Structure formats: C-alpha cells, structure tokens
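The structure appears right after this line, and notes come after that.
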Amino acid sequence: MTNSVVQVEKTLNPKMKPAFDQLSFGTVFTDHMFTMEYTEEQGWHDPKIVPYEPILLDPAAMVFHYGQTVFEGLKAYVTEDEEVLLFRPEENMKRLNRSNDRLCIPAFDEELALSGLRKLIQVDKDWIPNIEGTSLYIRPFIFATQPYLGVAPSKTYRFMIILSPVGAYYKEGINPVKIAVESEFVRAVTGGTGSAKTAGNYAGAMKAQEVAEAKGYSQVLWLDGKEHRYIEEVGAMNVFFKLNGEVVTPELNGSILEGITRKSVIELLQHWDIPITERKISMEELYEAYQSGKLEEAFGTGTAAVISPIGELYWNDKKITINNGEIGELAQRVYDTMTGIQTGRTEDPFGWRMTVDIDTAVAPSHN
Ligand SMILES: *Cc1c(COP(=O)(O)O)cnc(C)c1O
C-alpha cells in the first residue's frame, strides 16, 4: 500500500454549527471529509482528510451510468464523560468490502479505513451532538470514477466518508408504525444484489414506498422475489417477530441485507436465553399466528432507528394489529439495552464499543 498514512488538511473556513436541539436527519455536514483514490497501478492510495467540499467528476464517470457504488451507515455518540463511542465499526468495514466484492469494486484495507474514520472524527469532534438521542451519523461510500460508457467494472474509484450530526429518531417517544405488506414489487431476489449495500437497491425500492405512503403506511414489508410468500425485510430494516414466546427473524438467504443491528439483537437475545431462530417465515404463517393469538410483537432493526416496533400490518385487505398498536415489552428492552450500550449508559459485556481517542492532537499536514 502506497502512503498509507492519513494526511490531514484542516479547513480555513469552519462552518457555523447547527443548534443541536434542532437537528433533523442528513441535512447538515461537518467541516471535513475523508477521501482515498483507487487506480490499477497504485491500488487504494492517498488517504486523507480534507475540508468538506463539492467534488468534481467527469459526466462520463461510470457511477452515474451503471450504478457501481456501495455505502455504509453507522453512528458515533458522545458520552456524559465526553468519551466518543462507535458501535462495531469494524463490522461496517467488513460489510463494505463484502458489498465491494458483489459490485466488482476492489477491496480496501479495513484497518486503514477505520483509522481514517477515527482521525476524521477527531478533527470534527465538536460536531458530535450531545443531546439525548442525537448522534453523529457516519456515511462511508465508494463509487466508480472512470470516464467510460462501456459496461464493465470501472478502473478507478473513490472512497469517501462524510459526517452528519443528526437529531433523535424518536422525538416524541417510540411510536409503532403501520406497514403495508408488499405483494407486487420486490426489493431483491436470490442471486441479486440484495445482500450488498448498494444504491440501486434503494432506487428500486422507492416506488413501493411511495405507493404505501399514499395509502397511509409508513413502510412496506418486503416478501421474497420468487414466491412473494416469505418475509424478508421491513423498509430498509431487518425484521423480527415474537411468536408464542419465540423470536423469529428471516434467515439470511442472499437477498436479505445482513444488518449489524440484526446480528447484535440476535446475540443479545441469546445472551438473555430468549429463544431466537433464524428461519423462513411466510405471511400465511404470520397470519395464522395472529389469528390464534400467538403473534406477540413485531419490530424492525437498523442503525437509524435501532428498533422500530410494528403496530399494524396490512395484507390482502386484512388488518393485523400487533400488541394493540403499542411497543412490546421485548422491543422496549432490546431498544433500551442497545441504545444504552451505544451511548455508554450501560455496560458493554460484548465488547461492541470502540472508543475514539479524541485527546490525540491532530497535527496539520504540510503540503
Ligand atoms: C443498512 C440496511 C439494514 C440495516 O443494517 P444495520 O447494519 O443494522 O444498520 C437493513 N436492511 C437494508 C436493506 C439495509 O440497507
């Protein structure tokens, strides 16, 4: 790896910081960003932190035409003791490389990317909001930059990380959402790109989302792309059900995105000795469980919300009300524990937290 030391060029024009009690999601960005380039000759090289600014790309850059791009999402929290915590960031870097592999993007050095991320957070540490529920959202992404209209993997790429202070996901308490079961559109199919975090999956999911919203539902429940029977995900989250005391989540089948929250919730439930099974689950089975009073809870899991309880499912003209439309006991316990670990309020028996050393002075680079 050529010059794998992350250089830092600090901004001369720091921006005004937003009021941390009025943040929304993904609209405000910090003063700096991480970038790294890939060429065939040099591999991934020139990792650096530079002032946040627009980027210049050739209109023929392949990302615009064939969608060769992948991304990640994670959060940093500042504790009451002013410690900065990341939640399992090495899992995000691993997954980014798995997404890369699926999209024919060359793998990067995960250690290097993590040290670049840590340095970026050190430089922009004053942007981490410290109000309950707020966090610094981290968006690593990689895209094809070669100017070429032939359909083939690009020969050049850029890896970037940007940071965005975000407000609390739940401003007025955790409200369960209404979900429409999607029987027409599919998000992903076996053999497709569903298990990679790539932009095209999101673009392809927007139509169903729009139709569901127009009918008063906040998200869709995705079914499998072949039989339209088996449950896969909810919106851009993984999904869990509690049926008669047993927790069930769809097994990873190649079209489901392997969430880090999902993985953590499974490990947490195992730690608590609550039965948790990864298996296929059909809408018919779920409906039967509902009719016989065995459907106790349903919730989505993902970085943004952590836990999103489902209060109602609409399927084939039938309304399935779950736990009277209120958050279930288990969902609440999982939410409290996960957010407690993430924010440093509770102990971390799993070693999931990574502390970012913010006392380390970042020396300016000499260009
Ligand atoms: C990112 C994502 C998730 C959740 O993953 P986390 O690592 O838990 O944030 C679930 N489903 C889809 C489709 C996703 O893109």
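Of the helices (runs of 4 or more DSSP H) lying entirely inside region 254-348, those containing at least 1 residues that are open to solvent by less than 30 Å² (accessible area, probe 1.4 Å) and away from the ligand (no atom under 16 Å from the Cβ) are 283-291, 329-343. Within region 172-221, the set of residues being open to solvent by 60 Å² or more (accessible area, probe 1.4 Å) and on the phi > 0 side of the Ramachandran plot comprises just one member, Gly191. With respect to (1) farther than 27 Å from Glu329 by Cβ; (2) open to solvent by less than 20 Å² (accessible area, probe 1.4 Å); (3) within 12 Å of the ligand (Cβ to nearest atom), the lone exception for Asp224 is condition (3). The residues in region 232-253 that are open to solvent by less than 30 Å² (accessible area, probe 1.4 Å) and either within 13 Å of the ligand (Cβ to nearest atom) or free of Cβ contacts under 8 Å to residues at least 24 places away in the same chain (or both) can be counted, and the count is 10.
A single member of Arg158, Arg98, Arg139 is of a type outside the set (Ser, Thr, Tyr), in a strand (DSSP E or B) and farther than 23 Å from Phe25 by Cα, and it is Arg158.
It is to be established whether one or more residues within region 197-213 are touching a helix residue (DSSP H, G or I) at 6+ places or on another chain (Cβ under 9 Å) and either in a loop (DSSP other than H, G, I, E, B) or farther than 24 Å from Thr69 by Cα (or both). Yes, region 197-213 has at least one match.
Of all residues in region 157-171, exactly one satisfies the criterion of being open to solvent by 50 Å² or more (accessible area, probe 1.4 Å) and away from the ligand (no atom under 16 Å from the Cβ), namely Lys171.
Among the residues of region 133-145, those that are modelled with pLDDT of 95 or more and either surrounded by fewer than 19 Cβ atoms within 10 Å (Cβ to Cβ) or closer than 27 Å to Lys17 by Cβ (or both) comprise Thr134, Ser135, Leu136, Tyr137, Ile138, Arg139, Pro140, Phe141.
The values are calculated or read from the model by the stated rules, or taken from the named source; none is laboratory data. Fair warning: this is a prediction, and the values are worked out from it, not measured in the lab. Ideal geometry is used to build each Cβ from the backbone, glycine not excepted, and the neighbour counts take in all protein chains shown. With ligands, DNA and RNA removed, areas are computed over all heavy atoms of the protein, side chains included. Shrake-Rupley method; radii C 1.70, N 1.55, O 1.52, S 1.80 Å.
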